[in-house]
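A.B. asks: Provided herewith is a single structure, encoded as structure tokens, for subsequent inquiry.
Each value in this text was obtained by applying a stated rule to the coordinates, not by laboratory testing. These numbers were taken from a predicted model, which means no experiment stands behind them. Heads up, the Cβs are rebuilt from the backbone with ideal geometry, glycines too, and the neighbour counts pull from every protein chain shown.
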Amino acid sequence: MTLTKQKIRKTIATKRTVLDPQWLEKTSTRIVENLQSLEEFQSSETVALYKAIGGEVNLELLFEICWSLGKRTAIPVFNPETRIYEMAEITASTAFEIGNYGIQEPVSPCLLPLSDIDLIAVPGVAFDPSGNRLGRGGGYYDRMLSGFPGITTGICFDFQYVETVPVDLHDRPVDHIVSETKCRKVPKER
Ligand SMILES: Nc1nc2c(c(=O)[nH]1)N(C=O)[C@@H](CNc1ccc(C(=O)N[C@@H](CCC(=O)O)C(=O)O)cc1)CN2
Ligand SMILES: Nc1ncnc2c1ncn2[C@@H]1O[C@H](COP(=O)(O)OP(=O)(O)OP(=O)(O)O)[C@@H](O)[C@H]1O
């Protein structure tokens with residue numbers, strides 16, 4: 001029997017609340033290193049990252065690394081009119097404020113069309129070997145990714161890599177899953 005989405009969210013959320021901040025930082029650094037070893041990351045000119053909340057892998061280091069490599073970076077920003085997330089460019093001089101769901105967002109977003117983005121680093125509550133992703137439940141990334149032609153890379157700690165994630169029709173699998181121990185390439189559908 002597959003666990004329901006709600007049940008997996010609860011199990012992982014409990015594990016996330018007890019993470020040691022030092023472990024989280026150290027392990028996030030290893031994940032950032034692993035992500036940099038991906039060929040698709042190396043060849044990307046524009047990458048979308050995220051501003052971490054509640055026990056998520058912290059990608060803060062990666063923004064500066066991207067800029068020093070000449071890559072542009074973006075993060076999701078909430079559009080209150082459409083109630084969907086869009087991508088906005090982030091530079092070293094971007095000013096942030098606390099946005100929707102308590103996540104940092106740029107004060108004056110400079111929107112980037114998804115077609116300008118080569119790779120999206122996707123946060124998740126859990127991922128499975130087929131690249132299926134369980135998110136926080138808003139369906140926001142699912143909606144963004146449904147119109148995205150580029151590479152998607154799931155970002156998680158090993159404890160979030162589970163046997164199976166229940167899938168819905170709208171769920172789009174990611175192309176890779178990067179954790180602290182490895183970069184997993186998701187096998188293409190046969
Ligand atoms: N860092 C980060 N940015 C992101 C996402 C994400 O998962 N992580 N999103 C991914 O789509 C979008 C925001 N979606 C979100 C959806 C729900 C909740 C949330 O807190 N929901 C429940 C609690 C569930 C939980 O903690 O797991 C709540 O409202 O209380 C947060 C963000 C866009 N930006
Ligand atoms: N591409 C889409 N188009 C329309 N509705 C969608 C789409 N993707 C997801 N939804 C809706 O959003 C809701 C939440 O979906 P789901 O439980 O898969 O979220 P999630 O992937 O865990 O969340 P998130 O992507 O925000 O992290 C569902 O009611 C689903 O029907």
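A.B. asks: Around residue 23, under 14 Å between beta carbons, what's the net of Lys plus Arg minus Asp minus Glu among the other residues? Intermediate values should be presented prior to the final figure.
C.D. replies: Details: positive: 15, 16, 26, 30; negative: 20, 25, 56, 158, 180.
It works out to a net charge of -1.
A.B. asks: Among 118, 128, which comes first, second and so on when ranked by fewest other beta-carbon atoms within 10 Å?
C.D. replies: By the 10 Å Cβ count, ascending: 118, 128.
A.B. asks: What FRET efficiency do you get for residue 81 and residue 143 if R0 is 25 Å and r is their Cβ-Cβ distance, rounded to the nearest 0.05? The partial results should precede the final answer.
C.D. replies: Working: r = 15 Å, r/R0 = 0.59.
About 0.95, to the nearest 0.05.
A.B. asks: For the chain, with a Gaussian network of springs between Cα atoms less than 10 Å apart, report the residue from 119, 111, 62 with the top mean-square fluctuation.
C.D. replies: 111
A.B. asks: I've got another one for you. Calculate how steeply helix 5-17 sits against the longest principal axis of the alpha-carbon atoms of the chain, using the helix alpha-carbon long axis, and give the answer as 0 to 90 degrees to the nearest 10.
C.D. replies: On a 0 to 90 degree scale, this one is about 70.
A.B. asks: Out of all DSSP beta bridges in segment 5-184, what portion is antiparallel? Express it as a percent rounded to 5. Show your work: numbers first, answer last.
C.D. replies: Details: 16 of 30 bridges.
So the antiparallel bridges amount to about 55 percent of the total.
A.B. asks: Fewest first, what order do 183, 110, 156 take by the number of other Cβ atoms within 10 Å?
C.D. replies: Details: 183 18, 110 13, 156 23.
With the fewest neighbours first, 183, 110, 156 line up as 110, 183, 156.
A.B. asks: Expected output is a single nm value to one decimal: the length gained when fully extending between residue 36 and residue 98, i.e. 0.36 nm times separation in residues minus the C-alpha distance. What is it? Walk me through the intermediate numbers first.
C.D. replies: Details: separation 62, 0.36 × 62 = 22.32 nm, distance 2.81 nm.
Computed gain between residue 36 and residue 98 is 19.5 nm.
A.B. asks: Just add up the charged neighbours of residue 100: K/R +1, D/E -1, any other residue whose Cβ is under 15 Å from the Cβ of residue 100. Spell out each step's value before the answer.
C.D. replies: Details: positive: 51, 83, 136, 143; negative: 81, 86, 97, 105.
Result for the local shell: 0.
A.B. asks: Given +1 on the Cβ of Lys and Arg, -1 on the Cβ of Asp and Glu, and no further charges, what dipole in debye does segment 5-184 carry about its Cα centre, rounded to the nearest 20?
C.D. replies: Numbers: 18 positive and 24 negative charges, 138 e Å.
About 660 debye.
A.B. asks: Using helices alone, I'd like the mean residue ellipticity at 222 nm for the chain: each DSSP H run of four-plus residues gives -39500 (n - 2.57), total over residue count, nearest 500.
C.D. replies: Numbers: 5 runs with 49 residues, N = 190.
Computed ellipticity for the chain at 222 nm equals -7500 deg cm²/dmol.
A.B. asks: Using a simple spin-label model with points 7 Å from Cα along the Cα→Cβ vector, what separation in nm is obtained for residue 26 and residue 163?
C.D. replies: With each label point 7 Å from Cα toward Cβ, the separation is 3.0 nm.
A.B. asks: I've got another one for you. What is the angle, in °, between the Cα long axis of helix 21-36 and the longest principal axis of the Cα atoms in the chain? Nearest 10 is fine, range 0 to 90.
C.D. replies: The answer is roughly 80 degrees.
A.B. asks: Right, next: So how much slack lies between residue 182 and residue 136, counting 0.36 nm per residue of separation and subtracting their Cα-Cα distance, in nm?
C.D. replies: That works out to 14.2 nm of additional length.
A.B. asks: Need the list of lysines near residue 5 for cross-linking: C-alpha distance under 16 angstrom, and skip anything on the same chain fewer than eight residues off.
C.D. replies: Candidates past the 8-residue exclusion: 15.
A.B. asks: A further question on this structure: Going by Cα centres, segment 134-190 and segment 4-50 are how many Å apart?
C.D. replies: Rounded to whole Å, the Cα centres lie 12 Å apart.
A.B. asks: Sum up the charges of everything whose Cβ sits under 13 Å from the Cβ of residue 166, counting Lys and Arg as +1 and Asp and Glu as -1, but leave residue 166 out.
C.D. replies: Details: positive: 5, 7, 9, 133; negative: 128, 163, 168, 171.
Local charge sum for residue 166: 0.
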